[in-house]
Amino acid sequence: MAKAPQPKGKTPEADEAQGDAAAAEAPKKKKFSGKKLVLFVLLPLLLLGGGGAGAYMMGLFGGAKAEQTAEAKPEETKPSIYYEMPEMLVNLVTTGKKPSYLKLKVSLELKDEEASKQVEAVLPRIVDSFQVYLRALRVEDLQGSAGILRLRQELLTRVADAAKPAEVHDVLFKEMLVQ
């Protein structure tokens with residue numbers, strides 16, 4: 001291979017040294033690294049998108065609230081009927097010698113007067129369903145708001161099954177005593 005003529009004063013070693021110097025300068029130019037890209041570009045975009053979606057859902061742009069009011073208008077809300085369940089006193093499961101009791105008074109929130117009549121017709125079945133469930137509980141199961149919410153949900157499920165086809169909207173605690 002023929003070498004290209006070199007200008008005076010330039011040698012191949014000098015070209016190589018000059019190339020090394022250029023290569024050394026190249027890393028000084030920094031591109032966006034992965035962390036900077038996420039921190040300065042993607043994170044603000046996600047925050048803006050999430051904030052916009054939250055504002056839309058809260059109705060600040062008139063979207064979700066307008067849809068909710070449009071849906072609520074055709075449906076007239078009737079006042080609920082409340083059915084008083086008899087007071088229940090049950091033993092709770094304990095590991096010690098001292099027995100624990102649960103005294104419970106609840107009301108059922110029903111759709112209408114017809115549902116009240118249907119619940120009354122199957123009241124023994126509802127009470128039995130409640131008693132069987134409540135007797136299997138431990139004191140620890142009833143502690144804290146999570147325990148109370150779980151109890152409400154379980155009682156609502158049981159009363160809905162026992163009182164079919166009556167619609168039971170909620171189980172409301174009037175009195176609850178754990179001793």
Lys pairs, region 77-179 - Cα-Cα below 22 angstrom, 8 or more residues apart or on other chains: 11
Which of the chymotrypsin sites (Phe, Trp or Tyr not before Pro) found in region 115-179 are loop residues per DSSP with 15 or fewer other Cβ atoms within 10 Å of their Cβ? none
Gyration tensor on Cα atoms of region 109-156, a ≥ b ≥ c root eigenvalues, a/c under 1.5 rounded, else prolate if a/b beats b/c, else oblate, says oblate
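Any read-out appearing in this document is the output of simple, stated calculations on the displayed coordinates, not a laboratory observation. Predicted model, so just to flag it, every value in this text is computed and none were measured. FYI the Cβ positions are ideal-geometry reconstructions off the backbone, even for glycines, and counts take in every protein chain you see.
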